[in-house]
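Just so it is clear, none of the values below were taken in a lab; they were calculated from the coordinates. Predicted model only: the values in this text are computed from it and were never measured. Because the Cβ atoms are built from the backbone with ideal geometry, glycine has one as well, and the counts that use them run over all protein chains shown.
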Amino acid sequence: MSPDTPRRRAAVVGLGARARLFTRALAGPYADRFELAGFCDVNSRRMAVHNGWLADADPGRAPVPAYAAEDFDEMLRRERIDLVVVCSVDRTHDDYIVRALEAGCDVVTEKPMTTDADRARRILDAVRRTGREVRVAFNYRYNPVHSAVRELIAAGEIGEVGSVHFEWLLDLRHGADYFRRWHRDKANSGGLMVHKATHHFDLVNWWLGTRPETVFAQGGLFFYGDEAGRRRGLARDYTRAHGSPAARDDPFAVRLEDSPALSALYLDAEAEDGYHRDQNVFGPGVTIEDDIAVLVRYATGATLTYHLTAYAPWEGYRIAFNGSEGRLELLVEESTWTPSLVPANGSDPVLHGAETADTVGRTELTLRRFWEEPREIEVATGEGGHGGGDARMLDDVFGTRVPDPLHRAADAADGAHSLVTGLAANRSFETGLPVLTRDLLDL
Ligand SMILES: NC(=O)c1ccc[n+]([C@@H]2O[C@H](COP(=O)([O-])OP(=O)(O)OC[C@H]3O[C@@H](n4cnc5c(N)ncnc54)[C@H](O)[C@@H]3O)[C@@H](O)[C@H]2O)c1
């Protein structure tokens with residue numbers, strides 16, 4: 001970028017764990033293009049923690065101005081913000097996205113873009129009305145192994161894709177984390193069909209270049225929650241782990257006090273908003289599912305059988321694409337097993353996607369063309385979260401734009417197409433019937 005080009009002014013809303021990826025990038029490698037000019041959150045302590053981390057990395061830098069949630073519009077005006085990065089609790093995304101667009105800003109939002117159809121419509125309307133840009137941070141698209149899948153399918157290596165078989169396992173550490181905090185309430189996260197599977201449904205849309213039309217799903221709370229916990233003798237008598245003797249020998253309890261990062265972000269901040277990051281996964285109040293089977297039919301006629309399990313002994317996924325000229329199979333073992341009583345070391349459950357270090361397994365991408373011997377496809381994965389996907393996504397979002405033959409940049413329409421599969425699955429859980437996606441959100 002020319003030294004004369006003015007830097008764009010960026011704000012981050014929702015200064016929790018995930019925001020660190022963006023604050024670090026904006027204040028670090030992309031500081032020549034962006035000025036980190038505003039923080040906004042309901043919790044002032046968490047904003048102060050982020051400012052502390054930035055000062056640790058760059059002593060002497062001025063703190064980023066911090067605004068309370070109700071002063072978001074004021075922040076946009078006063079700090080002359082051009083780009084808003086939305087990292088808050090999922091149910092709040094739409095409000096910030098729409099207000100930012102209406103104030104003339106572009107937006108980068110964490111997934112899921114939002115949590116229901118009305119909110120998605122508001123976002124799509126605002127994009128149309130304002131002509132501004134929304135980018136959805138679908139970092140999984142940027143994982144090199146996922147890019148390789150797209151390349152192989154687009155190159156016709158397996159011909160026309162007839163069906164996809166996709167199983168995603170969350171291990172006892174990562175899976176349990178959705179049951180310890182705000183995600184456990186469907187009103188906050190849309191449940192795992194929206195919060196988590198939005199990544200996976202987006203990948204299938206993108207890999208196949210198609211859109212979901214019909215969804216049938218069955219799901220339930222099989223493992224977590226008070227009832228299942230009592231039935232299997234896993235439940236302990238506590239509400240949140242901190243200060244609870246009953247949590248001490250619970251392998252599902254996260255010990256915030258053992259981790260400086262978790263203590264600073266959550267324990268020391270909770271007096272302001274009562275956000276407890278360490279709730280009992282076998283306590284009452286869980287309204288999301290942990291074991292889900294989904295059947296999708298796409299506009300191309302292809303089908304998807306998808307399964308999500310949130311209580312597995314290892315973490316990763318298996319995918320098979322059946323094509324008219326062969327089959328493509330992917331196995332990714334993000335962790336091979338889950339150690340009991342995981343020591344909370346600050347990189348533990350907070351940093352989803354970066355927590356695989358000591359138990360990471362193999363990645364195998366196998367092309368099985370008709371009448372040919374199978375071929376292992378070598379893919380160099382990268383450093384950092386999500387197989388290097390996080391770093392590549394940051395470059396696409398904050399770096400110089402270059403034409404991308406893989407079309408990895410996801411916009412609001414992509415966010416909505418992915419969301420609608422999860423919403424339809426949620427509806428199907430309730431009705432026991434197949435759901436036409438256009439009946440929920442006509443895109
Ligand atoms: N793409 C990925 O791989 C990935 C990984 C983790 C999280 N995420 C996404 O990032 C977002 C944040 O997740 P997290 O793990 O950092 O959660 P978190 O709980 O650590 O942080 C959420 C932040 O939002 C703030 N907040 C809550 N209500 C708010 C409101 N009304 N206005 C402003 N701020 C508010 C909280 O105070 C907190 O600081 C979620 O949307 C999540 O889906 C994406």
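Some notes on this structure:
- Projecting the Cα atoms of 112, 37, 93 onto the charge dipole of region 8-136 (Cβ charges, centred on the Cα centre) puts 112 farthest toward the positive pole.
- Taking Cα centre as origin and charging only the Cβ of basic (Lys, Arg, +1) and acidic (Asp, Glu, -1) residues, the dipole magnitude of the chain rounds to 540 debye.
- Cα-projected label distance for residue 78 with residue 218, points at 7 Å along beta-carbon direction, nm: 5.6 nm
- Using a Förster distance of 35 Å, the FRET efficiency for residue 68-residue 380 (Cβ separation, nearest 0.05): 0.20
- Computed from backbone phi, the HN-Hα couplings of region 183-199 come to 4, 5, 9, 4, 5, 7, 10, x, x, 5, 5, 9, 5, 9, 5, 4, 4 Hz, rounded to whole numbers (Karplus: 6.51 cos²θ - 1.76 cosθ + 1.60, θ = phi - 60°; Gly and Pro given as x).
- Gained length - residue 373 relative to residue 249, 0.36 nm times residue gap less alpha-carbon distance: 39.6 nm
- You can think of it this way: the chain between residue 340 and residue 300 has 10.0 nm of extra reach, that is 0.36 nm per residue less the Cα-Cα gap.
- Neighbour counts of other Cβ atoms within 10 Å put 289, 227 in the fewest-to-most order 227, 289.
- Taking Lys and Arg as +1 and Asp and Glu as -1, the other residues whose beta-carbon sits under 14 Å from that of residue 401 total -1.
- In region 8-136, the convex hull through the Cα atoms has an average projected area of 7.1 nm², a quarter of its surface area.
- Entry note, region 8-136: relative contact order of 24 percent, from Cα contacts under 8 Å with a spacing of 6+ residues.
- Taking 359, 114 and counting other C-beta atoms within 10 Å, the order from fewest to most: 359, 114
- Mean sequence separation of contacting Cα pairs (under 8 Å, at least six apart), scaled by the length of the chain, corresponds to a relative contact order of 21 percent.
- Mean separation of Cα contacts under 8 Å, 6 or more apart, over the residue count of region 196-255: relative contact order %: 15 percent
- Proxy reagent accessibility, fewest Cβ within 10 Å first, across 141, 8: 8, 141
- Only helices enter the 222 nm calculation for the chain: every DSSP H run of n ≥ 4 contributes -39,500 (n - 2.57), and dividing by all residues gives -8500 deg cm²/dmol, rounded to 500.
- In plain terms, the chain from residue 163 to residue 122 could stretch by 11.5 nm, reckoned as 0.36 nm per residue minus the Cα-Cα distance.
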